[in-house]
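The values are calculated or read from the model by the stated rules, or taken from the named source; none is laboratory data. None of these values were measured; they are calculated from a predicted model. For neighbour counting, all protein chains shown are included, and Cβ atoms are generated from backbone atoms with ideal geometry for every residue, glycine included.
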Amino acid sequence: MPDSVEAFLSNFPEEIQTISRELRAIARRAMPVAHEFLYYDAINYSLSNSPLERICYIRPLQKRVTLGFLFGRKLDDPHYLLRGTGKRMRHVKVRTMEDTRNPALEELVKTAWASGADAGAQMKRQMSRRTKHRRLRMRKRAAPSHRRTKRARHPRRKRR
């Protein structure tokens, strides 16, 4: 059975395929037990088969390959490779094979893998808190006030 990731990469120029394969090798060395799968036109690496627990991704484009980190804002980046201004995510734009040989890339992937489980668990806790608060607010809105129920049960009589 052909590899689905290789079939996906075959749609891109040869240089982009080579860069993507090298980044895959880096990811496999740094995260040997990670689950690799395609999701949103990118090669993703996760703690499990769930896309909710993704740690990083490799996104090939026509002119470059993006190596992204879902919790990149929390990563220590002494070489200032990470780009992005989002709340959580950061990425590195890899344009040449020479860029893939930078040892700082592998260190970023290792650090992301080491801190990924903590960041994922923390995000789940925050999401469950938000959901809990949202449910409470919805209950308050849905529960009719005492005054409304009284009026609904005993409508006002018209004066003559």
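Points to keep in mind about this one:
- Given (1) part of a helix (DSSP H, G or I); (2) more than 14 Å from the chain's Cα centre (by Cα); (3) among the aliphatic types (A, V, I, L, M); (4) over 21 Å from Thr100 (Cα atoms), number of the condition Val33 does not satisfy: (1)
- The test for being touching a strand residue (DSSP E or B) at 6+ places or on another chain (Cβ under 6 Å) and part of a loop (DSSP other than H, G, I, E, B) does not hold for Asn11.
- Within the stretch 17-37, the set of residues being surrounded by 13 or more Cβ atoms within 10 Å (Cβ to Cβ), over 19 Å from Phe71 (Cα atoms) and either free of Cβ contacts under 8 Å to residues at least 24 places away in the same chain or hydrophobic (A, V, I, L, M, F, W, C) (or both) comprises Ile19, Arg21.
- Top-ranked residue in the stretch 71-110 [being touching a residue at least 60 places away in the same chain (Cβ under 8 Å) and among the polar types (S, T, N, Q); ranked as surrounded by the fewest Cβ atoms within 10 Å (Cβ to Cβ)]: Thr96
- The residues on offer are Gly120, Gly116, Gly68, and the sole one that is touching an Asp or Glu at 6+ places or on another chain (Cβ under 9 Å), modelled with pLDDT of 65 or more, under 20 Å from Tyr45 (Cα atoms) and surrounded by 10 or more Cβ atoms within 10 Å (Cβ to Cβ) is Gly116.
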